[in-house]
1. Subtract the Cα-Cα distance of Asp108 and Glu37 from 0.36 nm times their separation in residues, and report this length gain in nm to one decimal.
2. Per DSSP helix of 4 or more residues, -39500 (n - 2.57); summed, then divided by the residues of the chain. What does that give at 222 nm, rounded to the nearest 500?
3. Would you mind telling me the share, in percent, of accessible area of region 95-243 contributed by carbon and sulfur at probe 1.4 angstrom?
4. Considering only protein heavy atoms and a 1.4 Å probe, what is the carbon-and-sulfur percentage of the accessible area of region 27-69?
5. Name all residues of region 167-188 having a backbone nitrogen under 16 Å from the label point set 7 Å from the Cα of Gln200 along its Cα→Cβ direction, giving them as ranges.
6. How charged is the neighbourhood of Thr236? Take every other residue with its Cβ under 13 Å from the Cβ of Thr236, and add Lys/Arg as +1 and Asp/Glu as -1.
7. Among Gln122, Met139, Pro86, which residue has its Cα positioned farthest towards the positive end of the charge dipole of region 78-215, with +1 placed on the Cβ of Lys and Arg, -1 on the Cβ of Asp and Glu, and the dipole taken about the Cα centre?
8. Each residue of region 59-75 in order: what ³J(HN,Hα) in whole Hz does its phi give by Karplus 6.51 cos²θ - 1.76 cosθ + 1.60, θ = phi - 60°, with x for Gly and Pro?
Amino acid sequence: MNWGESQTSQGVTERDFTVTCKDRSVPGVLWTPEDCEAPTPLVLIGHGGNGHKREDHLQALARRFVRHNKISAATIDGPIHGDRMPAEVENESVPKRMRRLIGDAIADSMIEDWKATLDALQKVPEIGIGRVGYWGLSMGTIFGLPFVAAEPRIEVAVLGLMGAYGDNDRLLRDAADVKCPVLFLQQWGDELIPRDLSNQLFEAIGTDDKRLHANTGTHAAVPRDELLHTQTFLATHLGTTGD
């Protein structure tokens, strides 16, 4: 793991990092409590389609975990997103770009990237071998669900805004192997993911400890109080409720 810039504000230390996985350079950001003297739980955050590791709402979520729950948080750029965006893909339409993300090979590579990131982060003194959760909606579920299914260190997950669309049956196949507690979000008026496909994916998740939260509105209109609830859900399962 190579470290980049670091800054601290309002009790939160933020550090850029890069992890090497096979021939891939995986850029990310880590948020930890300032002057942390003991290992903390960790939440890995997956960004959505056409997003990146420093999206405003993800940074706000990460900082809330640190400030209110004493939980560290980390994100990485997904394939063909953020600092991993190839020049030849940059001007493609979002639907065309998202079609590049379907298939076993790219899902397997992202599982490897997340595992390599978690391996590296657990060597950081502020984190150590502690409890780990995952948060990822939309594209964060496309890659996050297979990762959660394949990684026994993940103890709890927030997923959603996704279904088994098109030829992407990988999610349904992997969903059966998800055994940790899951909170799954659904938008009733989702213009991108039909409700029946979202329901199908939720039903396929293997754990008995799962719950579905549905809200009115379009794909990106998840209510703020629901997002705050996802924070509480993860913090509770990771053993810290915070202030």
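1. 22.0 nm
2. Helices in the chain give a 222 nm mean residue ellipticity of -10000 deg cm²/dmol.
3. It is 53 percent, rounded to a whole number.
4. 43 percent
5. What the label zone holds, given the 16 Å backbone N cut-off, is 167-176.
6. Result for the neighbourhood of Thr236: 0.
7. Positive-end residue among those listed: Gln122.
8. Karplus values, whole Hz, x for Gly and Pro: 4, 5, 4, 4, 5, 5, 4, 5, 6, 9, 10, 6, 10, 6, 9, 8, 10.
The values are calculated or read from the model by the stated rules, or taken from the named source; none is laboratory data. Keep in mind it's a predicted model, so treat the numbers as computed, not measured. Cβ atoms come from the backbone with ideal geometry, glycine included; neighbour counts cover every protein chain shown. Quick note on the areas: whole protein, heavy atoms, side chains included, nothing else; ligands and nucleic acids left out. Shrake-Rupley method; radii C 1.70, N 1.55, O 1.52, S 1.80 Å.
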